[in-house]
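Okay, so here's the structure we're looking at.
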Amino acid sequence: MQDQHIASAFDRDLEGVQAQIMKMGGMVENAIRLSAKSLETRDEELAEEVRGADKAIDALEHQINESAARVIALRAPTAIDLRLILSVIKISANLERIGDYAKNMAKRTGVLNTMPAVNDSGAAIRRMAGTVEGMLKDALDAYIQRDAELAQAVIDRDEDVDQMYNALFREFLTFMLEDPRNITACMHLHFIAKNTERMGDHVTAIAEQVVYLVTGAHPDEARPKADRTSVAPQV
């Protein structure tokens with residue numbers, strides 16, 4: 001009877017922590033969406049909203065870590081239960097980093113508003129961010145549903161984000177070569193695009209954690225990166 005009581009108490013604790021993870025995930029999804037929108041529409045007020053919301057995301061990560069540590073201390077979980085708690089800590093850390101990248105994107109909005117727009121780059125970055133946001137939603141759904149196949153599909157989609165980044169990198173390079181007056185704006189835009197690509201990497205890390213949680217094994221093969229911008233050209 002006592003073991004059953006302990007198990008039910010652990011389940012309640014776990015449900016509470018997972019509810020915090022889903023709340024944090026929703027806040028981060030919103031940060032991705034609004035930061036990209038503020039860039040495209042050149043809306044500094046919206047960008048400021050994203051920057052302010054990042055403090056709440058950071059605070060929630062701290063709460064999740066404290067809750068997870070308390071569960072470990074009080075319930076002494078083992079095997080799959082311990083893996084569940086550790087996955088919460090790792091997922092919240094990745095969500096916090098994604099929130100930081102969204103905040104960094106929003107910080108650049110005010111700077112870019114002092115410069116002429118560079119083609120439709122804001123819309124292109126918003127499409128890229130929308131892909132990452134969709135990946136994050138699916139990764140969190142996979143976590144709650146314990147769906148390794150959906151998590152693997154998220155991992156596979158990261159290549160799409162890398163390809164979008166590669167295309168933007170080449171585009172910005174072209175704009176800078178065509179007109180040196182574009183250099184400063186394109187450097188800021190490249191920084192934003194790279195941050196968005198890194199968001200995709202952290203979403204992928206969440207999906208990989210789900211695969212490990214469900215199967216007990218990490219994805220079989222090392223994930224190849226489609227970002228080729230740092231590879232030296234062949235001579």
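Applying a threshold of 7 Å to beta carbon distances and a minimum spacing of six or more residues, or different chains, the list of pairs starting in segment 41-57 at a residue that is more than 13 Å from Gly122 (Cβ to Cβ) and ending at one that is open to solvent by 50 Å² or more (accessible area, probe 1.4 Å) reads Arg51/Lys107; Ala53/Met27; Ala56/Met27; Ile57/Met27. Filter segment 176-186 down to the residues that are among the charged types (D, E, K, R) and assigned to a helix (DSSP H, G or I), then identify the one that is most open to solvent (accessible area, probe 1.4 Å). Taking the candidates together, the pick is Arg181. Annotation: of all residues in segment 90-130 being in a helix (DSSP H, G or I) and hydroxyl-bearing (Ser, Thr, Tyr), the one that is farthest from Ser38 (Cα to Cα) is Ser92. The listed residues are Gly110, Gly130, Gly99, and the only one of them that is over 20 Å from Glu197 (Cβ atoms) and not hydroxyl-bearing (Ser, Thr, Tyr) turns out to be Gly110. For segment 143-159, a residue qualifies if it is charged (D, E, K, R) and in a helix (DSSP H, G or I), and the qualifying residues are Glu149, Asp156, Arg157, Asp158, Glu159. Are any of the residues in segment 62-74 assigned to a helix (DSSP H, G or I), of a type in the set (S, T, N, Q), modelled with pLDDT of 90 or more and over 19 Å from Gln209 (Cβ atoms)? Yes, segment 62-74 contains at least one residue that is assigned to a helix (DSSP H, G or I), of a type in the set (S, T, N, Q), modelled with pLDDT of 90 or more and over 19 Å from Gln209 (Cβ atoms). Can you pull out every residue in segment 17-36 that is among the basic types (Lys, Arg) and farther than 18 Å from Thr109 by Cα? Result: Lys23, single match. In the set Asp13, Asp43, Asp100, only one residue is modelled with pLDDT under 85 and either open to solvent by 30 Å² or more (accessible area, probe 1.4 Å) or within 23 Å of Val210 (Cβ to Cβ) (or both); that residue is Asp13. Annotation note: Cβ proximity below 6 Å between a residue of segment 204-217 that is within 15 Å of Val132 (Cβ to Cβ) and a residue that is in a helix (DSSP H, G or I) and not aliphatic (A, V, I, L, M) (sequence gap 6+ or interchain) occurs for Thr204/Asp158; Ala205/Asn94; Ile206/Asn94. Restricting to segment 8-45, name every residue that is part of a helix (DSSP H, G or I) and charged (D, E, K, R). Within segment 8-45, Asp11, Arg12, Asp13, Glu15, Lys23, Glu29, Arg33, Lys37, Glu40, Glu44, Glu45 qualify. Taking segment 135-175 as the range and being farther than 23 Å from Met22 by Cβ, open to solvent by 40 Å² or more (accessible area, probe 1.4 Å) and aliphatic (A, V, I, L, M) as the test, the residues that pass are Met164, Ala167, Leu173.
When Leu168, Leu140, Leu189 are checked against the criterion of being part of a helix (DSSP H, G or I) and within 15 Å of Arg42 (Cα to Cα), Leu189 stands alone in meeting it.
Evaluated against (1) open to solvent by less than 10 Å² (accessible area, probe 1.4 Å); (2) touching a Phe, Trp or Tyr at 6+ places or on another chain (Cβ under 8 Å), Ala129 falls short on exactly one condition, (2).
The values are calculated or read from the model by the stated rules, or taken from the named source; none is laboratory data. As the structure is a computational prediction, the values presented were derived from the model and not from experiment. For neighbour counting, all protein chains shown are included, and Cβ atoms are generated from backbone atoms with ideal geometry for every residue, glycine included. Heads up: the accessible areas ignore ligands, DNA and RNA and are worked out on the full protein's heavy atoms, side chains in. Shrake-Rupley method; radii C 1.70, N 1.55, O 1.52, S 1.80 Å.
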